[in-house]
Amino acid sequence: MSSKLLLSGPPGTGKTTFARALCNSLQAPLVVTSVSTWLQGGHLSDVIARMARTFAEALALAPAILFIDEIDGIGKRQPAEREYADYWNAVVNKALELLDGAVKSEGLVIVGARPDDIDEALKRSGRLETHIEIPKPDVAALSEIFAHHLGEDIAVLLAGASGEADTANEAQAENPVIATQDDGLPDDADEGADAHMERDDTQKGART
């Protein structure tokens, strides 16, 4: 089984929740970080040190799960002539070093999220090699999610919603006036408009 996973999917589809569920299933501690945390201010040496420190902290808790959000923030290695190429190439190379086994990672499951545009080398065998897509849930999946979190309460909510709909239908049946009017005006407004049109027709007839 691969211990290095790459999660993708639209925002809000539960990538962090996936990592927490994996943590609960394996009964292992979860270490959460993000590339934006690594890149916060400071010089290149500070960024490299934060990256190494995160892996060291996770390894100290092994067996553990390390969740790296916004991993696309690492970017790609750049041609030497590009501005700031040395900076970004060093960041990518350090990530490769931490992922490819050059650093002991036994007992550590690494999960990266949001791989929109990352260096292909990060996805090669031995690194983040297993790609899992988490799509938006369909109606059936949403029903299961609600049922899981609400439990027996979902039956109460459905019964309440059904009762409110029945009450509204009964009220409309007993009071036809509630029905929507085509012009959106109250009855007295319609009568006033009809009377005005009749006066206009009478005046036109008198002039002719």
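Each value in this text was obtained by applying a stated rule to the coordinates, not by laboratory testing. These numbers were taken from a predicted model, which means no experiment stands behind them. As a convention, Cβ positions derive from the backbone with ideal geometry for all residues, glycine included, and neighbour counts pool all protein chains shown.
Listing for the model above:
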read-out: Residue list for the range 7-20, restricted to those being surrounded by fewer than 19 Cβ atoms within 10 Å (Cβ to Cβ) and of a type in the set (A, V, I, L, M, F, W, C); value: PHE18
read-out: Count - residues of the range 1-20 that are part of a helix (DSSP H, G or I) and in contact with a helix residue (DSSP H, G or I) (Cβ under 8 Å, 6 or more places away or on another chain); value: 0
